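One structure is given below, encoded as structure tokens.
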Amino acid sequence: MIKLVSYKTILVGVLLRIGIIGVGNMGSNLAECLSSKNIELAVYNRTRHKAEELGRRLGARVYDSPGELVENVDVAIVFVTDDHALKTICFETASKLERAGSTVFINASTVMPTASLEAMRILESRGIGYVEAPVFGGTNEARECRLISMLSVRHDLLDKATHVLKLYSSRIYYLGEPPKAMVMKLALNDIALAFPAILAESLMLLSSWDVELELLRKVSAGTWIEPVLTRYWDRTLGESSPRFTVNNAGKDYSCIGIALREKGLPSFISETLSSMYLLAGNSGLGRKDYPQIVKFYLELARKKNVEETAK
């Protein structure tokens, strides 16, 4: 059963040492959020100069390895891109530490449910408390400490995990033990990331038949489609800073498809949307904001129009 955790039940803690592993878009913005809290902040990143730059700006200590960071903090929060990166960090951490005492490892990344369970197994073998807590929200929400956190953890770690998550979450939902939170995150992303891909196909259709794109907004005015189009229109056709990248969207749909197939279920939509995002990513848009996928497919339609005209 999903439980919305009440902040009134959370104890006020003492000064915490919190480390962030992975200071990409989400990790660096979460560091901004936590730097305003009463904590000691530490960071690690595979590309060290990014961690050093962030550390200088926020007064955070920089560590040379994830294991060293975990060894010297109370809580490590991890934002990495995929299953392989998460497992690598877990293996490096486990090899560094024989026993980690009361250290808690919060996995805020979006990965396969099976990868989350494997990470838990690796870390718990070294006495590291594993917390599955993916977030819903982008870089703005991370920086402003108002992410939505989905939490799956053993009940004996629930209070400690919640105490940390409340530092950067507007809401915390406890869903039971792993991997329930990770499955919920994939389900949310399945819905949230679909619209730009659908919009890309719709605008391709309009462009290929020489229909003015702006007419779509006019015709949809007053319908349920209008606010969704309004939300994405400028981010798709203009320039937008990456809140979530095209490559990450493709990766997440790949995770959704695999998770469904592991249960013997069809994954038609997730496989198609993964292909749409990854094709755009491999064509140079990988680090762009995910709604920018529209530009790639519009350009494709326009090139086809030119070819047809030239015949």
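The values are calculated or read from the model by the stated rules, or taken from the named source; none is laboratory data. What you see is a predicted model; the values in this text were computed from it and never measured. Cβ atoms come from the backbone with ideal geometry, glycine included; neighbour counts cover every protein chain shown. With ligands, DNA and RNA removed, areas are computed over all heavy atoms of the protein, side chains included. Shrake-Rupley method; radii C 1.70, N 1.55, O 1.52, S 1.80 Å.
Observations on the structure shown:
- Farthest toward positive dipole pole in the chain [+1 Lys/Arg, -1 Asp/Glu at C-beta], among 270, 47, 225: 47
- Degrees, to the nearest 10: 293-310 long Cα axis against longest axis of the chain: 20
- Placing 74, 289, 64 in order of accessible area, with the largest value first and a 1.4 Å probe, yields 64, 74, 289.
- Both numbers refer to the Cα atoms of the stretch 60-117; Rg and Dmax are 11.2, 33 Å.
- By the Kirkwood approach, averaging reciprocal distances over each pair of separate Cα atoms, the chain gets a hydrodynamic radius of 20.7 Å.
- Per-peptide packing, taken as the mean over residues of other Cβ atoms within 10 Å, places 17-24, 260-267, 87-94 in the sequence 17-24, 87-94, 260-267 from highest down.
- For the chain, with +1 on Lys and Arg beta carbons and -1 on Asp and Glu, the positive-most of 139, 91, 240 along the dipole: 139
- Packing-based ranking, highest mean first, of 195-206, 216-227 given that Cβ atoms within 10 Å are counted: 195-206, 216-227
- Note that the stretch 205-272 shows a convex hull volume over its alpha carbon atoms of 136 Å³ per residue.
- Computed about its Cα centre, the charge dipole of the stretch 112-232 is approximately 460 debye, with only Lys, Arg, Asp and Glu carrying charge at their Cβ.
- Taking other residues whose beta carbon is less than 11 angstrom from the beta carbon of residue 29, and scoring Lys, Arg as +1 and Asp, Glu as -1, yields -1.
- Pairwise centroid distance, computed over Cα atoms, of the stretch 109-141 with the stretch 240-283, Å: 19
- With pairing defined as another cysteine C-beta under 4.7 Å, the cysteines of the chain that fail it are 90, 255.
- Protection-proxy order for peptides 298-308, 244-254, 30-40, each taking the mean of Cβ atoms within 10 Å per residue, highest first: 244-254, 30-40, 298-308
- Bridgeable aspartates and glutamates around residue 288 (alpha carbons under 16 Å apart, same-chain partners fewer than 8 residues away excluded): 234, 239, 252, 299.
- Note on residue 155: accessible area approximately 130 square angstrom, rounded to 10, probe 1.4 Å, nucleic acids and ligands left out.
- Residues of type aspartates and glutamates that residue 251 reaches as a straight line, Cα spacing below 12 Å, ignoring anything fewer than 8 places off in the same chain: 82, 83, 190, 271
- Summed over qualifying helices (DSSP H, 4 residues or more, each -39500 (n - 2.57)) and divided by its residue number, the chain shows a 222 nm mean residue ellipticity of -16000 deg cm²/dmol.
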